[in-house]
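The values are calculated or read from the model by the stated rules, or taken from the named source; none is laboratory data. Nothing here was measured: the structure is a model prediction, and the numbers come from that model. Quick reminder, even Gly has a Cβ in these numbers, built from the backbone with ideal geometry, and neighbours come from all protein chains shown. We work out accessible area using only protein heavy atoms, side chains counted, and drop any ligands, DNA or RNA first. Shrake-Rupley method; radii C 1.70, N 1.55, O 1.52, S 1.80 Å.
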Amino acid sequence: MDMYNNGGPEVSIRSLKKDSMKFVLTNTDLSVANALRRIMIAEVPTMAIDMVEIETNSTVLTDEFIAHRLGMIPLTSFDVDRIQYTRDCTCSHYCPNCSVELHLHVKVTVDYEEMNDPNVDKTRQVTSMDLISVDDSVRPVSDDKLHPILIVKMRPGQELKLKCVAKKGVAKEHAKWSPVYGVAFEYDPYNKLRHSHYWIEEDEKLEWGVSANAAEETPVDPNEPFDYNAKPEKFYIELETSGCMKPEDVVLRAMTIMQDKLGGLQIKLDDEFKEDTQRWGY
Amino acid sequence: MPSTKAIVRMEEDPIEIDTGKVTIVPGTMTEPQCATFCLQDEDHTLGNAVRWTLMKNPEVDFASYSIPHPSEARTNIRVQTSDKTTAVDAVFKGLDDLTDICSHVIQSFQAELAKGEFEYEEETAL
Ligand SMILES: [Zn+2]
């Protein structure tokens, strides 16, 4: 580790669950912790439905409405590194190297005896479980049968037939590609640094209180003078994934993405400008 | 999303690596110790963190970043250094230091995962 920051950042994991985790990042700057947060939200690639070819749609929802709903369905992206971005692929439109196809075909048949029976529920719920993927590693997250994602409701006689093309992407382009549903990020729960300005009616303490993370810090002494040199030290980070990846993988992937960006910039800097400065005699 | 490619020659097959787009804003490098770098397709994520590592370098007299226009995907980084180094070298070192910090986070995170001293919930049926 570099000399500047006595030993470098430390991570302490508080909890790890199937689709969420909590950890504390210490001994680093706010800018680094914030970069991690921003990359987890917007730059970790995942798979999401990006093109929908509708063959038949006699449901009550329009084609574009259904296409939009399909785009929002999280797809398992454990194996996303294997797939290329379409813009980097050699194909012209899409191919198995840069996309995964998912098919959906639901036709609700009419049973005339049932039709007139008010006690039978004739509504067919089309869910993410009806999406059949050609690649088992990229399939709707919610296929646990208990909580599938509703796409559209159909009545007897209606039909929906379509083909989806899932592509690799990042949430910088569209939020559907974000691996996380939320990232909680907190530092300085007692607001000692006065980075927050609370809107209050009468009493700040009464109206706002302190977060659970305050248990790890010492409360403010009202007589203590304001330390204008103080810097945030402990970052409480909590993330919840869409189920497309493991939460620990999202964090690790985010850090490697940061390194890749930096490495790319270094190559470019080395190629183009080292000579530039050498011309000046350096 | 525009990106440039560099072919890196190694023992085996050449690998393509995404290189960032960096330019020096014309007229800002009046001497080797100062320059404004323009990073294409980068934002606060990298800008602020690089600014911090630059300022950590004792040879850097001034470092700052700005996003000149919200609808243009580019970030400017201004660097001024002492005579002991150059702006290009300082930025190179800044990027290096930030890479080390990222490695350290990864190592620390993986060590914590291996230790397993946290609340854990077994994977439910899927
Ligand atoms: Zn392709």
Practice prompt. Report yes if some residue within the range B:82-91 is open to solvent by 30 Å² or more (accessible area, probe 1.4 Å) and of a type outside the set (D, E, K, R); otherwise report no.
Written response: no
Discussion item. Kindly evaluate A:Leu61 against the criterion of being touching a residue at least 24 places away in the same chain (Cβ under 8 Å), buried (at least 18 other Cβ atoms within 10 Å of the Cβ) and not polar (S, T, N, Q).
Written reply: no
Discussion item. So in the range A:85-105, with the set limited to residues that are within 12 Å of chain B (Cβ to nearest Cβ) and in contact with a Ser or Thr (Cβ under 9 Å, 6 or more places away or on another chain), which one is nearest to the ligand (Cβ to nearest atom)?
Written reply: A:Thr86
Worksheet item: Could you say which residue among A:Pro156, A:Pro118 is open to solvent by less than 50 Å² (accessible area, probe 1.4 Å) and not assigned by TED's automatic domain parsing to the domain that holds A:Gly243?
Response: A:Pro156
Discussion item. Could you check the range A:123-149 and list, in sequence order, the residues that are open to solvent by 60 Å² or more (accessible area, probe 1.4 Å) and more than 14 Å from chain B (Cβ to nearest Cβ)?
Written reply: A:Thr123, A:Arg124, A:Gln125, A:Ile132, A:Val134
Discussion item. From the list A:Ala215, A:Ala171, A:Ala184, A:Ala166, exactly one residue is hydrophobic (A, V, I, L, M, F, W, C), assigned to a strand (DSSP E or B) and under 30 Å from B:Glu119 (Cβ atoms). Which is it?
Written reply: A:Ala184
Worksheet item: Pick from A:Val11, A:Val44, A:Val32, A:Val80: which is buried (at least 16 other Cβ atoms within 10 Å of the Cβ) and within 16 Å of the ligand (Cβ to nearest atom)?
Response: A:Val80
